[in-house]
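Scroll down for the structure; my scribbles are underneath it.
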Amino acid sequence: MEKLRIAIVGCGGIANGKHMPSLKKVQTCEMVAFCDLVIERAQEAAAKYGVPGAKVTTDYMEIANDPDIDVVHVCTPNRSHSFISIACLEGGKHVMCEKPMAKTAAEAKEMLEAAKRTGKKLSIGYQNRQCYDQMMLKKACDDGKLGEIYFAKAHALRRRAVPTWGVFMNEYEQGGGPLIDIGTHALDLTLWSMNNYEPAMVVGSKFRKLADTKNAANAWGPWDPEAYTVEDSCFGFIKMKNGATIILESSWAINLTDTAEACCTLCGTKGGATTKGGLVFNGEENSALYTHRIEKCGGVAFYDGFSDDPSESDMRQWLNAIINDTDPCVLPEQALVVSQILEAIYKSAETGAPVFFD
């Protein structure tokens, strides 16, 4: 079988930290092209991860129009997710776009429509679905262990961990701060676990209380208040059409020690569960309460087929979906709902009024 030929558009932090090193471990693909506005970044990526003679360019349309490319990974700032993804889909490529799906819900919808129109696969980089705890929780939910899930919390709280590199703090490029950056992961995991993608109403609150602090304590060093143009925390109250309620909490900087990221808490009629600090189930049995912590199983020593790296597992399932013509784990229809809810939270926070879905 010939290897899938992959192009990387955007050779910055997320490409180097997640996509390229993970793809390098997958034997069914090879990286044949690299695109970045900074040509030196594309050249460095090609030298480290590419096949001999890999294409290097600053123009994403050269990637979209290249008939020798099968798959494109879009790893650019949120503002350019939609038009690059759409161009590549229309150029006959399958596309994995980094999260969130797009800067706006309208752009995300255009991406979904392009995928349907072209018949090419589109997926979004929510690799946390591949984490062991989340996969076990999803199976328990699908098996009905929790019963009807009617209340949930989506956790994406950092005490002081503002990303100070790239364009993370730039509202024009990203569309927001912690809500759209890490809140998107927590919301995706929560909706996926509940298998509920029908929001009815959203109320949001957005704060920029610590962003103007000079010489602030921060995991990646002090941020520049003048460059910090997004919120430092944001919260949403989401009511679904079936009455289920989700509280979404996100922050890059907040005076709180009880933090957690990319995890959720679920409450159902038969039991509850959380992935906050590890997978823990709770419930009642024989007129007594129980709390059950799940221990992660390790892989078999020297067995190359096992990986507990969710990013690598995500790349494998994505490429297998292309090879076998099956659905990838993350469907664009699901990612669109995530973007719609995030945008509604921001809109509610700005207007002070609830946002209702049709």
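The values are calculated or read from the model by the stated rules, or taken from the named source; none is laboratory data. Bear in mind the structure is a predicted one, so any value in this text is a computation, not a measurement. All Cβ positions, even for glycine, are placed from backbone atoms using ideal geometry, and neighbour counts span all protein chains on display. Only protein heavy atoms, including side chains, enter the accessible area calculation; ligands, DNA and RNA are left aside. Shrake-Rupley method; radii C 1.70, N 1.55, O 1.52, S 1.80 Å.
Only a single item in (1) part of a helix (DSSP H, G or I); (2) more than 15 Å from L331 (Cα to Cα); (3) open to solvent by 20 Å² or more (accessible area, probe 1.4 Å) is not met by G144, and it is number (1). Taken over segment 247-261, the residue count meeting the criterion of being hydrophobic (A, V, I, L, M, F, W, C), in contact with a strand residue (DSSP E or B) (Cβ under 7 Å, 6 or more places away or on another chain) and surrounded by 18 or more Cβ atoms within 10 Å (Cβ to Cβ) is 4. Each residue in segment 8-48 was checked for being over 23 Å from F168 (Cβ atoms) and in contact with a Phe, Trp or Tyr (Cβ under 7 Å, 6 or more places away or on another chain), and 3 of them qualify. Of all residues in segment 88-135, those being small (G, A, S), assigned to a helix (DSSP H, G or I) and over 17 Å from D181 (Cα atoms) number 3. If you go through segment 270-291 and keep only what is open to solvent by less than 90 Å² (accessible area, probe 1.4 Å) and not aliphatic (A, V, I, L, M), you end up with G271, G272, T274, T275, K276, G277, G278, F281, N282, G283, Y290.
Taking (1) without any contact (Cβ under 8 Å) to a residue 12 or more places away in the chain; (2) under 16 Å from C88 (Cα atoms) in turn, E40 satisfies each apart from (2).
Residues of segment 131-145 being in contact with a Gly (Cβ under 7 Å, 6 or more places away or on another chain) and within 15 Å of C263 (Cα to Cα), which ones? D133, the sole residue that qualifies.
Does segment 199-207 include one or more residues that are more than 24 Å from Q130 (Cα to Cα), among the aromatic types (F, W, Y), open to solvent by 20 Å² or more (accessible area, probe 1.4 Å) and in contact (Cβ under 8 Å) with a residue 40 or more places away in the chain? Looking for residues that are more than 24 Å from Q130 (Cα to Cα), among the aromatic types (F, W, Y), open to solvent by 20 Å² or more (accessible area, probe 1.4 Å) and in contact (Cβ under 8 Å) with a residue 40 or more places away in the chain, one finds none in segment 199-207, hence no. The condition (being more than 22 Å from F235 (Cα to Cα) and open to solvent by 10 Å² or more (accessible area, probe 1.4 Å)) is satisfied by just one residue among D181, D133: D133. Residues in segment 215-240 that are surrounded by fewer than 13 Cβ atoms within 10 Å (Cβ to Cβ) and either at positive phi or in a strand (DSSP E or B) (or both): N215, G221.
The condition of being polar (S, T, N, Q), at pLDDT 95 or above and open to solvent by less than 40 Å² (accessible area, probe 1.4 Å) holds for only one of S311, S307, that being S311. Taking A154, is it within 19 Å of A273 (Cα to Cα), in a strand (DSSP E or B), out of contact with any Pro (no Cβ under 8 Å at 6 or more places or on another chain) and among the aliphatic types (A, V, I, L, M)? Yes; evaluated as a whole, the condition is true for this residue.
Would segment 128-151 turn up any residue that is among the polar types (S, T, N, Q) and under 30 Å from Y228 (Cβ atoms)?
yes
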